[in-house]
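Here the structure comes first, spelled out in structure tokens, and everything after it is commentary.
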Amino acid sequence: MKISYNLLKKFVDFEASPSDLTSILMSIGIESSVISQGCGWTGVVTAKVLDVQKHPGSDKLFLCRVSDGTKEYSIVCGAKNITLGQTVPLAKIGAVLPGSFEIKNSKIRGVNSEGMICSEKELGLKEESDGIFVLDEKTKVGVPLEKVLGGVDSVLEIEIATNRGDCLSHLGIAREIGAKLRKTVSVPQVKVLKKLPVLNCIEIKSNLCKRYIGSVISGVKVGDSPRWLIDILAKSGIRSINNIVDITNFVMIEFGQPLHAFDLAKLSSKKIIIRESASLEKITALDGKNYKLESGMLVIADEQKPVAIAGIMGGEFSGIDEKTETIFLESAIFDASSIRKTSKKLNLSSDSSYRFERGLGWDIAELAVWRAVNLITEIAGGKQEALEDLHTVKYEKTKIALRFERVSKILGYVVEEAEIGEILRFLGIDLQTKGEMILCTIPSWRNDIKIEVDLIEEIARIKGYDAIPTSKTNIYYSYTANNSFLSSIVEEFRIKLKGIGFSEALNCSFLEVSELEKFGLRYYYKIANPISKENEFLRSSLLPCLFKNLMLNIRQGSETVSLFEHGKIFADVGERKTFSAIMCGRVWHEWWKWTEQKVNPKFDFYFGGGIIKNILPSEEFMIVENLTPPSYFHIGKTAAILFRGKVIGRFGILKPSLTIDIKDEVFYFEMDLESVENICVKKTTFYKAYSKFPIVKRDLSVTADKSLQFAEIEKVIKTVMKSGGILKDYSLFSVYNDETKLGDGKISYAFRLSYRNDKKTLSDKEVNDDIAILLNKLDSDLNVKLRQ
């Protein structure tokens with residue numbers, strides 16, 4: 001769920017920055033990250049478009065003349081919505097946009113461009129935008145954009161536990177922040193009309209509906225929402241429909257209570273019936289799709305047909321449009337398990353169902369309907385005619401006795417009685433002290449607190465888990481798995497990578513289809529009844545989850561991220577054991593460097609390849625040209641791993657289009673352990689003693705045609721290695737391409753060759769003879785000669 005930083009501050013007063021706020025939320029168990037950092041630019045001002053002409057060198061570009069009030073600029077722009085007279089944001093030369101993108105003087109198709117007219121996406125205000133950002137025509141020019149927008153907002157993304165439905169709103173998150181910081185939460189004031197006629201048109205025929213509040217508002221004028229409402233919904237990832245629908249969505253993100261508005265004139269009768277569907281009943285929902293209902297699904301109906309799938313989605317027939325004049329506004333409490341089952345059976349989920357499935361607070365339903373009524377009459381006009389509030393159960397708040405001594409015993413440290421009371425009160429819990437215990441009355445929105453230990457957990461969570469005393473314990477992990485060759489490889493990878501600063505990632509096997517499609521990956525297994533849309537498919541690669549881990553760490557400010565994971569993927573041939581690693585940024589932290597070190601290397605193709613080469617367990621694992629690279633690798637910056645004649649892994653740099661938001665290259669490695677295991681089953685592994693005779697090293701420099709692929713030279717070297725027996729290893733340590741010294745079209749490679757005989761010490765003549773054989777073969781096969 002996306003949260004507006006500015007809207008959050010209207011509920012609770014705090015000074016923490018967006019990034020500091022995520023740390024506060026993480027400390028109380030709410031996973032969060034900043035996905036839009038407010039004003040992420042410098043040097044952007046407002047400007048007026050004075051002239052728009054076709055670009056002389058392109059049909060899709062425009063040559064614009066704009067002014068900031070003091071100077072005119074020539075700008076090349078490709079947006080289709082650019083027109084004369086607009087007021088637009090102008091990033092002048094030297095301006096810096098989100099992602100550290102600096103605007104420079106440049107030529108585009110031969111025409112000089114003195115800046116950039118920006119879109120909302122380029123400014124980091126929205127994830128997507130159709131064209132340039134057009135400001136209000138009355139906006140003054142030459143003014144810094146951040147002043148015009150008046151306090152640019154930051155957006156946070158949060159993930160909650162399934163039992164914390166109360167946190168699916170700005171009010172819910174504000175309560176958590178208030179409890180942690182000991183701040184009072186402010187709820188928007190609502191005007192309640194006490195002398196209203198009762199509707200007498202609602203009939204509840206199922207106990208799956210616990211409470212149903214309906215209100216009729218007449219004389220409304222349906223139209224576009226005000227700009228502030230459109231913007232706040234956009235920050236929450238919700239598209240604006242019209243003022244009535246937008247208000248119901250706004251109250252939902254404010255208070256967490258889903259609402260629905262019906263066009264009363266479209267109903268076949270003025271009666272609203274909450275009942276369970278009959279078998280084979282049908283409804284066309286607001287998404288335009290037809291749904292066949294099973295017996296027992298909860299629906300909202302008129303006297304003839306269902307007009308909404310309760311708690312999930314309204315019907316298209318009764319939707320609000322520009323002709324609507326009278327609306328019926330619904331606020332209800334439905335059975336959570338019933339909504340969840342219906343949503344899964346119909347494969348239909350929504351923001352409403354996501355909240356109903358996790359349980360709603362009894363009191364919020366009434367507060368939300370009054371908040372919506374106030375906003376509707378203020379924005380869309382109209383008059384509230386009547387209201388009716390029915391329920392099938394008598395709500396009674398949960399009461400739990402909390403013993404002071406029990407708190408200390410469970411947590412392992414003493415928490416003062418005054419602090420216990422303070423924490424619980426800020427959580428909205430009413431307290432009544434009775435001797436050595438407190439009688440706690442739990443608010444309706446906290447349906448996760450049921451027993452005494454739940455209260456103790458809340459005390460520990462808000463006080464801070466770091467307050468719990470620690471003791472040293474030796475923990476041993478074993479990954480022997482019957483001492484198989486495969487498990488020894490995995491363990492060797494683990495030890496070596498951890499030794500150079502890598503961290504192990506543990507990810508769930510479920511993910512969203514868009515996460516696979518981003519990398520051009522297919523899915524092979526879909527969950528029949530997933531917990532959520534984000535957990536609908538089984539992963540066919542470890543890459544999407546590792547990349548998500550990488551992005552999370554980068555957003556948290558990490559300059560170096562190096563992770564590995566060992567787990568199962570689910571491919572077309574079934575389950576596969578896989579090992580992967582991902583790395584990005586500086587190779588080591590600043591404080592690791594010695595004073596003489598001038599350059600801090602980064603994880604590029606060569607450094608990453610060196611790591612992979614050094615963690616491979618034996619010489620049987622060879623690095624070769626990647627003839628069939630997956631689409632997510634950068635062409636020309638990828639290689640394959642060969643084991644006993646079969647490709648069992650690949651590594652390389654991810655293609656730039658995937659890492660556009662990352663300033664450094666991202667290196668990724670993957671190995672199919674299942675293939676290694678299958679090959680080992682078929683072949684016998686022989687072990688030999690390490691030679692006790694010394695290695696002789698020689699450096700060799702050769703020249704070749706630039707058109708010759710280096711892989712061809714490697715093939716010749718490997719052929720000599722196999723035939724001669726004493727050339728054991730080689731490494732390329734220099735590439736030189738100065739044609740003024742080498743000749744036109746020439747390039748030079750320098751190798752370090754390692755020679756050894758397993759039975760005796762080598763003589764110079766033996767080494768020289770083998771080098772001569774190598775040089776002759778390079779010359780005869782490829783016209784590669786010893787550099788003079």
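The values are calculated or read from the model by the stated rules, or taken from the named source; none is laboratory data. Bear in mind the structure is a predicted one, so any value in this text is a computation, not a measurement. FYI the Cβ positions are ideal-geometry reconstructions off the backbone, even for glycines, and counts take in every protein chain you see. Surface accessibility is based on the protein's heavy atoms, side chains included, excluding ligands, DNA and RNA. Shrake-Rupley method; radii C 1.70, N 1.55, O 1.52, S 1.80 Å.
For region 240-345, give me every one of the strands (runs of 3 or more DSSP E) that falls completely inside it and has 2 or more residues that are in contact with a Ser or Thr (Cβ under 6 Å, 6 or more places away or on another chain), among the hydrophobic types (A, V, I, L, M, F, W, C) and closer than 27 Å to G219 by Cα. Steps first, please.
Values: elements: 259-263, 272-276, 282-284, 290-292, 298-301, 306-309, 327-334.
Result: 259-263.
Output the qualifying pairs, or none if there are none: Cβ atoms under 6 angstrom, residues six or more apart or on different chains, first residue in region 6-27 and assigned by TED's automatic domain parsing to the domain that holds A174, second residue among the basic types (K, R) and in a helix (DSSP H, G or I).
These pairs meet every condition: I24/K180.
Within region 491-505, which residues are under 28 Å from the mean Cα position of the chain (by Cα), surrounded by 14 or more Cβ atoms within 10 Å (Cβ to Cβ) and either outside any loop (DSSP other than H, G, I, E, B) or not assigned by TED's automatic domain parsing to the domain that holds V587 (or both)? It would help to see each step written out before you state the result.
Filtering region 491-505 down to residues under 28 Å from the mean Cα position of the chain (by Cα) leaves 493-494, 497-498, 500-505.
From what is left, the residues that are surrounded by 14 or more Cβ atoms within 10 Å (Cβ to Cβ) are 493-494, 497, 502, 505.
Passing the criteria: F493, R494, L497.
Against the definition (open to solvent by 20 Å² or more (accessible area, probe 1.4 Å), part of a loop (DSSP other than H, G, I, E, B) and modelled with pLDDT of 90 or more), how does G557 come out, yes or no? Step through it out loud before you land on a result.
Details: open to solvent by 20 Å² or more (accessible area, probe 1.4 Å): yes; part of a loop (DSSP other than H, G, I, E, B): yes; modelled with pLDDT of 90 or more: no.
Criteria not met by G557.
Determine whether region 746-759 contains at least one residue that is in a helix (DSSP H, G or I) and surrounded by 11 or more Cβ atoms within 10 Å (Cβ to Cβ). Don't jump to the end; show me each part of the working.
Applying the first criterion (in a helix (DSSP H, G or I)) to region 746-759 yields none.
Checked against the condition, which is being in a helix (DSSP H, G or I) and surrounded by 11 or more Cβ atoms within 10 Å (Cβ to Cβ), region 746-759 yields no hits at all.
Can G421 be described as open to solvent by 20 Å² or more (accessible area, probe 1.4 Å) and either assigned to a helix (DSSP H, G or I) or under 30 Å from I244 (Cβ atoms) (or both)?
no
What are the residues in region 88-120 that are assigned to a loop (DSSP other than H, G, I, E, B), free of Cβ contacts under 8 Å to residues at least 40 places away in the same chain and surrounded by 14 or more Cβ atoms within 10 Å (Cβ to Cβ), if any?
E120
Consider region 221-240. How many of its residues are of a type in the set (A, V, I, L, M) and modelled with pLDDT of 95 or more? Give the derivation first.
Within region 221-240, the subset of a type in the set (A, V, I, L, M) is 222, 229-230, 232-234, 238.
Filter once more, keeping what is modelled with pLDDT of 95 or more: 222.
The total comes to 1.
Which residue, of S215, S240, S277, S206, is open to solvent by 20 Å² or more (accessible area, probe 1.4 Å) and at negative phi? Working first, answer last.
Details: S215 fails: open to solvent by 20 Å² or more (accessible area, probe 1.4 Å); S277 fails: open to solvent by 20 Å² or more (accessible area, probe 1.4 Å); S206 fails: open to solvent by 20 Å² or more (accessible area, probe 1.4 Å).
So the residue among S215, S240, S277, S206 that is open to solvent by 20 Å² or more (accessible area, probe 1.4 Å) and at negative phi is S240.
Conditions: (1) open to solvent by 40 Å² or more (accessible area, probe 1.4 Å); (2) touching a residue at least 24 places away in the same chain (Cβ under 8 Å); (3) more than 30 Å from R358 (Cα to Cα); (4) assigned to a loop (DSSP other than H, G, I, E, B). D59 meets all but one. Number of the miss?
(2)
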